Amino acid sequence: MENKTQSNGEMKENKAVKKKANWSGSLIVASLTGAFGSSFLYGYNLSVVNAPAVFIKKFYNETWERRYGFSMDENTLTLLWSITVSIFAIGGLVGAIIVTPIVKFFGRKCTLLLNNVFAVAAALLMSLSLLAGSFEMLILGRVIMGVDAGISLSALPMYLSEISPKEIRGSLGQVTAIFICIGVFTGQVLGLPEIFGQESRWPYLFGVIIVPSLIQVMILPFLPESPRYLLLEKHNTSKAEKAFQTFLGKDDVSHEVEEVLAESRVQRNTKLVSILQLLRTRAVRWQVITVVVTMGCYQLCGLNAIWYYTNNIFSEAGINHETIPYVTLSTGGAETLAAVFSGLVIERLGRRPLLIGGFGLMVVFFAVLTVSLTLQKTVYWLPYLSIFCILAIIASFCIGPGGIPFVLTGEFFQQSQRPAAFMIAGTVNWLSNFAVGLLFPFIQSGLQTYCFLVFAAICIAGATYLFFVLPETKNKTFHEISQAFAKRNKVSLEMQEMNHYSMERKSSAEQESNFTSSVDNGDTKKGIV
């Protein structure tokens, strides 16, 4: 009895120590520094082109007239501006495609560091375009900045998911979304007329991009590489132990090393999985589908449409045209606060309620917004309801759908599958982004205010799928998450039974090569981080 009491006391003490050690200084610095030079720049470049749009179009027209002796027609100007805005997504798609071999060869941390070459090059091209009298430099800079964003939105969540203990993996993963929101808000602030929102100052908006990159380059080299990458892919146990000690803030990391080694022993003959191999692996088929659905809904849920309508709705509410840029800051502020709130509660409420609840709330507010926009000229107070709906939709998005898809992609897959999974997620993300930019003007012109019902339908479809398929991943190991998917999918379970039966008849070498089919059978050790 005494031994049992003593054992319980030791367990409580160990849990207390483990909880205390979760948030180490190095872990916080690594997450903040990594996000500031990565996801922050993605958010910043989403919003930074809005404020100086009039001045940039004027620069395009003046450059054209100086070269060819006549002014640019309206259609050509609109086309050039559309290319300038949307080509960011094309660069992002390129970055998402090339990220897998880069993170494999250079590692997660070094990929983030090397990615700053793209950011600095893009910043110089865009900020010097006015001085050089070349709008092509601005467009090329947007492409290169998109490549930077495509790489960082895969490498950063990968790095954060591998350096964090599972107890705080969700909160740390939300840092990506929080800094995207802070980046958007910063772009809005710096674009105010009192700062850089002037005809002579707009190039500075793009030159500022260098600052986060330089800060990341100065700090991140002094922090360790992902310990899982060091142990599983570089087979460097001593460096992995030091990395664990730094990130966890404790000397004894034998438990963490052993957990990762358990996965290493299972994967000793498993090479890095390609996209085609991952898509053919039935044991993770529903994980891949879920990532595609969440990433697709992340871009297609209608937030871009909200930004399109914001100025018009504020104007209809009687807000002075000169005041609208300042009122628009409320949208960036709501976005940031909601993302921070999500990061604080995600380990208590879980991923599933926040993601499904966020989509559900967006459906409600999209419906109310459609009614208020349709009838706003008949009732004087409806424009104010529209403003509330805009802020509520933004907040609902950032509570769950705005960040959790990145977290889930890092949680669903084993070490050898993760780079390919992030490439798939990034490709869906950027293709959906480009599709929205291409198709939304046609949807808007055809349906007018009823276009929001299209986005409401997408949110309903996403929430319904996630309700029936997505298991809760909070505080679970990769193997436990894989098992949860197997239990939820009868087809997956049947395939695993067939794989198990066929594996009994194969040689041990063939068994090892079919690792991805056997993971969910429970053959691996329970305790993989």
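With a requirement of 1 or more residues that are closer than 30 Å to Val117 by Cβ and at pLDDT 85 or above, the helices (runs of 4 or more DSSP H) lying completely within the range 181-288 that satisfy it span 202-207, 210-219, 227-232, 237-248, 275-280. The residues in the range 457-478 that are part of a helix (DSSP H, G or I), among the hydrophobic types (A, V, I, L, M, F, W, C) and open to solvent by less than 10 Å² (accessible area, probe 1.4 Å) can be counted, and the count is 3. Evaluated against (1) within 21 Å of the chain's Cα centre (by Cα); (2) more than 22 Å from Leu453 (Cβ to Cβ); (3) not β-branched (Val, Ile, Thr), Asn304 falls short on exactly one condition, (2). Considering only residues in the range 357-410 that are free of Cβ contacts under 8 Å to residues at least 60 places away in the same chain and of a type in the set (Gly, Ala, Ser), the one that is farthest from Ile346 (Cα to Cα) turns out to be Ser372. Could you list, in sequence order, all residues of the range 216-241 that are charged (D, E, K, R) and either in the same structural domain as Pro165 (by the TED database) or closer than 30 Å to Val120 by Cβ (or both)? Residues satisfying the conditions are Glu225, Arg228, Glu233, Lys234, Lys239. Being touching a residue at least 12 places away in the same chain (Cβ under 8 Å), more than 21 Å from Gly173 (Cα to Cα) and of a type outside the set (Ser, Thr, Tyr), is that true of even one residue in the range 411-426? No, that holds for no residue. Residues in the range 337-392 that are more than 19 Å from Gly462 (Cβ to Cβ) and polar (S, T, N, Q) were compared, and the one that is surrounded by the most Cβ atoms within 10 Å (Cβ to Cβ) is Ser386. Exactly one residue out of Ile424, Ile481 is modelled with pLDDT under 85 and under 29 Å from Gly95 (Cα atoms): that is Ile481. For the structure I just gave you, tell me whether Val208 is touching a Leu at 6+ places or on another chain (Cβ under 8 Å) and under 25 Å from Lys58 (Cα atoms). When the stated conditions are applied, Val208 passes them. Before we move on, is Arg66 at pLDDT 90 or above, surrounded by 22 or more Cβ atoms within 10 Å (Cβ to Cβ) and more than 15 Å from the chain's Cα centre (by Cα)? For Arg66, the condition - at pLDDT 90 or above, surrounded by 22 or more Cβ atoms within 10 Å (Cβ to Cβ) and more than 15 Å from the chain's Cα centre (by Cα) - is not met.
Among the candidates Lys104, Lys109, the residue that is open to solvent by less than 60 Å² (accessible area, probe 1.4 Å), outside the structural domain of Val428 (by the TED database) and basic (Lys, Arg) is uniquely Lys109.
Yes/no per residue for (1) of a type in the set (A, V, I, L, M); (2) in a helix (DSSP H, G or I):
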{"position": "Asn304", "(1), (2)": "no, yes"}
{"position": "Gly332", "(1), (2)": "no, yes"}
{"position": "Leu337", "(1), (2)": "yes, yes"}
{"position": "Met362", "(1), (2)": "yes, yes"}
{"position": "Val371", "(1), (2)": "yes, yes"}
{"position": "Val379", "(1), (2)": "yes, no"}
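Would you please list the contacts, defined by Cβ atoms under 7 Å and residues six or more apart or on different chains, that run from a residue in the range 342-356 that is among the charged types (D, E, K, R) to a residue that is open to solvent by less than 10 Å² (accessible area, probe 1.4 Å) and outside any helix (DSSP H, G or I)? Final answer for the pair search is Arg351/Thr473; Arg352/Leu470. Of all residues in the range 318-357, count the ones that are in contact with a Phe, Trp or Tyr (Cβ under 6 Å, 6 or more places away or on another chain) and either of a type in the set (Gly, Ala, Ser) or under 24 Å from Cys451 (Cβ atoms) (or both). Residues flagged as in contact with a Phe, Trp or Tyr (Cβ under 6 Å, 6 or more places away or on another chain) and either of a type in the set (Gly, Ala, Ser) or under 24 Å from Cys451 (Cβ atoms) (or both) within the range 318-357 amount to 4.
In this structure, Ser274 does not satisfy being out of contact with any Leu (no Cβ under 9 Å at 6 or more places or on another chain), without any contact (Cβ under 8 Å) to a residue 40 or more places away in the chain and of a type in the set (Ser, Thr, Tyr).
Taken together, Ala119, Ala123, Ala177 contain a single residue that is more than 30 Å from Ala421 (Cβ to Cβ) and in a helix (DSSP H, G or I), which is Ala123.
A single entry from Gly426, Gly402 fulfils the requirement of being small (Gly, Ala, Ser), surrounded by 21 or more Cβ atoms within 10 Å (Cβ to Cβ) and part of a helix (DSSP H, G or I): Gly426. With Ser154, Ser134 as the choices, which residue is touching a residue at least 24 places away in the same chain (Cβ under 8 Å), in the same structural domain as Gly207 (by the TED database) and surrounded by 24 or more Cβ atoms within 10 Å (Cβ to Cβ)? Only one candidate passes the filter, namely Ser154. Criterion applied to Leu439, Leu447, Leu431, Leu391 was being out of contact with any helix residue (DSSP H, G or I) (no Cβ under 9 Å at 6 or more places or on another chain) and in a helix (DSSP H, G or I), and the one residue passing it is Leu439. Being aliphatic (A, V, I, L, M) and within 20 Å of Leu138 (Cα to Cα) is true of Val94.
The values are calculated or read from the model by the stated rules, or taken from the named source; none is laboratory data. Because the structure is a prediction, the values reported are computed rather than measured. A quick note on method: Cβ atoms are made from the backbone with ideal geometry, for glycine too, and the neighbour counts reach across all protein chains shown. The accessibility values were calculated without ligands, DNA or RNA, using every heavy atom of the protein model including side chains. Shrake-Rupley method; radii C 1.70, N 1.55, O 1.52, S 1.80 Å.
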